Structure formats: structure tokens, C-alpha cells
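Only one structure is covered here, and it is reproduced in the block below.
The values are calculated or read from the model by the stated rules, or taken from the named source; none is laboratory data. Please read all numbers here as calculations on a predicted model, not as lab measurements. Quick reminder, even Gly has a Cβ in these numbers, built from the backbone with ideal geometry, and neighbours come from all protein chains shown. Side chains are part of the model used for accessible areas, which takes the heavy atoms of the whole protein and leaves out ligands, DNA and RNA. Shrake-Rupley method; radii C 1.70, N 1.55, O 1.52, S 1.80 Å.
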Number of protein chains: 2
Amino acid sequence: MKRGEHQPQTGPRPPDRERLRAELVQFMDRRGLRSTEQRRVIIEQLFGVTDHVTIDQLLESVRAVDPRVGYATVYRTMKLLAEGGLVHERKFGDGFTRYELADAHAHHDHLICLDCGKITEFEEPAIEELQDGIALRHGFLVRDHKHELYGTCAECAKQSDVKPGRVKTAHR
Amino acid sequence: MKRGEHQPQTGPRPPDRERLRAELVQFMDRRGLRSTEQRRVIIEQLFGVTDHVTIDQLLESVRAVDPRVGYATVYRTMKLLAEGGLVHERKFGDGFTRYELADAHAHHDHLICLDCGKITEFEEPAIEELQDGIALRHGFLVRDHKHELYGTCAECAKQSDVKPGRVKTAHR
DNA sequence: CTGCGTGCAAAGCATTTGCACCTAT
DNA sequence: ATAGGTGCAAATGCTTTGCACGCAG
């Protein structure tokens, strides 16, 4: 139990991941990247895990398969995959970068519980539209966006009830 | 020219800052904080600067007044002010923490230009409403939120036109 | 006077990088 | 063979902290 520990994620998701696999192969090919044992294991774990993994969580599961893999390799691999648009890099402000697969389900935003660390996803097309309107009005070309709600999830609220006075403490 | 450099901010803003001053005094009083020369200068600079300053930018302007102030003091002071809810801490993911005054104007979100670094603000009550709806639906108690659009601002788009191929490079 | 606040330098910590070795291709 | 990958340890860069001194109350 150490860095970036948090609760398990929300439910399963539709694996339209075949397309992702194909894109991955295509990307590695295009860039002339080699298929090494380490990369294979990392990618396998990434596909296996539900979501929003930190480098440490990922490394842990990778080492369960091959204990010889180092931090640097995971960092380098994730950076590559992010460049290739195969994973999304998420920074929720607690100091750990998290990664999630860029499958079709990818277009969503996040609810982050400051008490238990659980990350839930949401999607709201109406917000996207308003957002596009704002960008348009500013002549701004959106390449990426981030919409996150930080607070207390249903379970935590229920369990500890009001619990006043700790507003920023739990974060980080 | 060094860390966290970026373009000047968008226009002036209504200084309802009198209330903020009052809150500040109240906060320092409540916590038994001392009014030192350093804190006074830091706060003065903070009130004077338009927006979204990094620690370095702030320290620079502080040192223009009193060259003897150290990094640590600025960090510590900003942390205090953030705890007191007098400033907001913003992390746009480029590695620098930025601060902005928590005046009445504070309820807004950000457009961040990845090319020139300019930060523009926007406000969209309709989004807030949808957001509240989402939280409600999830039984989630929102304490804070973050809504940011990353991309190319109008000026940069005009000036360099399409310029394809550099999508993640400019950031940081 | 007393203890909070400060400056400096050192420590922390996630992430990146240099380098010698390794291994896909 | 040979250039790209890897592991390790050292380096980065922002932020925090320990400690001795200084100054507000």
C-alpha cells in the first residue's frame, strides 16, 4: 500500500477494444516501435485493468507477471502510448498521473471523491455543446478539455454523514 | 524569462476586493497570524496583479519591492491564503501551481492556449446547472470543480494558421 | 520575552534522463 | 550487425521542511 492508492473503479465496460488493439499495432508499426516483452506485458495489464491507473499500480500488476520491469520503462511506454493517442493522461491534482485506455468510451469526464479516492465517470452531451459554443465565441480551437467535480461520493456521504469542517484537507 | 512564463491576462475586473480585504483581516485574526512585512508585500502584489500568477511571477514582483523575500515564504503564505479560501490554487497541468484571488468574480472556468500560454476566463451558468444535475444524480456532494478547455486561442490561430502536426508539443 | 515567521539549504517526490548492456528485427 | 529498448542510478524541477535567527505582539 503506497503511492496513489484508491478505491476500485465503477463497473465493467463495453470492450470495443478490438479496434484499439488494431490502432495500437498500426501505431507501433508506423513509428517503427519494437514489440518487446515489457511492452507486451504493460499493454496486457493496461487492457486488463478497469481504469485510471497510476504508474505504480500499473507497475505492480506488471511485476506480478515479470518482476524485472523497471519504473522507467513503464513511464516511457505510457508516454509513447499517450503520444499515439492510445491512452489518455489524467492529472487530478494529487500528484499522480493516471492513465486510461482511449477506447470509444473515452469521451467522458470525472467525479472524484476526495474522501475515498473513487473516480466515477459521467457524460453530458449538453455540456459539450455549451462548451463548443463558448470556444466558438472566443475563436478558440479546443484540442482537449478537462471537466472534473471534486467532492464526496454517495457512499462516503452516507457513511460519515455531514462531518463539517474538512473541506480541502482530504485532497492529496 | 524563466519558469511558468506566459502572456498577459485578459482585461481588468471589478474590484469588489474590499470584501476580500476584510475577509483577509478576519482570517488572520481568527488564526492568530502575524502581519509581517513579507506577508504584506505578497498580499499587495497579489491584489495588484491581474491573475493566475505562478509562484515565480509572484516572487519576482515581491522582490521588486523587497529583494530579501525567499521562495519558502511565498509558498507558505500562498498555502495559508488558500486554506483560508482567500485565493484559489489552479493546476493546469504544466507543472506550475497558479494562484488567483478568490473575489466575487471567482466563479469561472478557463480557456488555456497551449501555444502562447494565455489564460482566458469564461462563465456559463447553464453548464453549472447541468453539472449540479449530474452530481445530484450520483448523490455526489460537489466541493470544487474544474472545467478547462485546452487548445489554440484566436490570436495564435490567426497568426500561425493551421500549422498541423503539433498537438501535444506546445504544452509545458 | 516568547513563539510565530523567515531565509537558507537540504530533503522529498514524481518524473526524466544518461549510459552501458541487451535484444528485436 | 545495429539501432532501438531496458534497468539502474543519478539528475530534474517544483514544492516542502528542518533549523537557527529575527521580529511581531
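Could you count how many residues in region A:151-172 are at pLDDT 90 or above and either within 19 Å of residue B:86 (Cα to Cα) or among the polar types (S, T, N, Q) (or both)? Before the answer, list the steps.
Initially, region A:151-172 is screened for residues at pLDDT 90 or above, giving A:151-157.
Add one more test, that the residue is either within 19 Å of residue B:86 (Cα to Cα) or among the polar types (S, T, N, Q) (or both), and what stays is A:152.
So the answer is 1.
Condition check ((1) within 12 Å of DNA strand C (Cβ to nearest atom); (2) of a type outside the set (A, V, I, L, M, F, W, C)) across all residues:
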| residue | (1), (2) |
| --- | --- |
| B:36 | yes, yes |
| B:44 | no, yes |
| B:50 | no, yes |
| B:55 | no, no |
| B:61 | no, yes |
| B:64 | no, no |
| B:72 | yes, no |
| B:80 | yes, no |
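Checking residue B:97 against (1) modelled with pLDDT under 95; (2) within 30 Å of residue A:144 (Cβ to Cβ), only one condition comes out false. Which one?
(1)
I'm trying to understand the selection: among the residues of region A:129-159, which are more than 21 Å from the chain's Cα centre (by Cα), closer than 17 Å to residue B:121 by Cα and either open to solvent by 50 Å² or more (accessible area, probe 1.4 Å) or facing chain B (nearest Cβ under 7 Å) (or both)?
Across region A:129-159, the qualifying residues are A:130, A:131, A:132, A:134, A:135, A:136, A:137, A:138, A:139, A:140, A:141.
For residue B:44, indicate whether it is surrounded by fewer than 19 Cβ atoms within 10 Å (Cβ to Cβ), more than 12 Å from DNA strand D (Cβ to nearest atom) and under 18 Å from residue B:98 (Cβ atoms).
Working: surrounded by fewer than 19 Cβ atoms within 10 Å (Cβ to Cβ): yes; more than 12 Å from DNA strand D (Cβ to nearest atom): yes; under 18 Å from residue B:98 (Cβ atoms): no.
Against the criterion (surrounded by fewer than 19 Cβ atoms within 10 Å (Cβ to Cβ), more than 12 Å from DNA strand D (Cβ to nearest atom) and under 18 Å from residue B:98 (Cβ atoms)), residue B:44 does not qualify.
Looking only at region A:29-49, count every residue that is free of Cβ contacts under 8 Å to residues at least 40 places away in the same chain, in a helix (DSSP H, G or I) and more than 17 Å from residue A:70 (Cα to Cα) and tell me the total.
3
Against the definition (within 13 Å of DNA strand D (Cβ to nearest atom), under 22 Å from residue A:128 (Cα atoms) and within 14 Å of another protein chain (Cβ to nearest Cβ)), how does residue A:79 come out, yes or no?
Working: within 13 Å of DNA strand D (Cβ to nearest atom): yes; under 22 Å from residue A:128 (Cα atoms): no; within 14 Å of another protein chain (Cβ to nearest Cβ): yes.
Considered against the rule, which asks whether it is within 13 Å of DNA strand D (Cβ to nearest atom), under 22 Å from residue A:128 (Cα atoms) and within 14 Å of another protein chain (Cβ to nearest Cβ), residue A:79 comes out as no.
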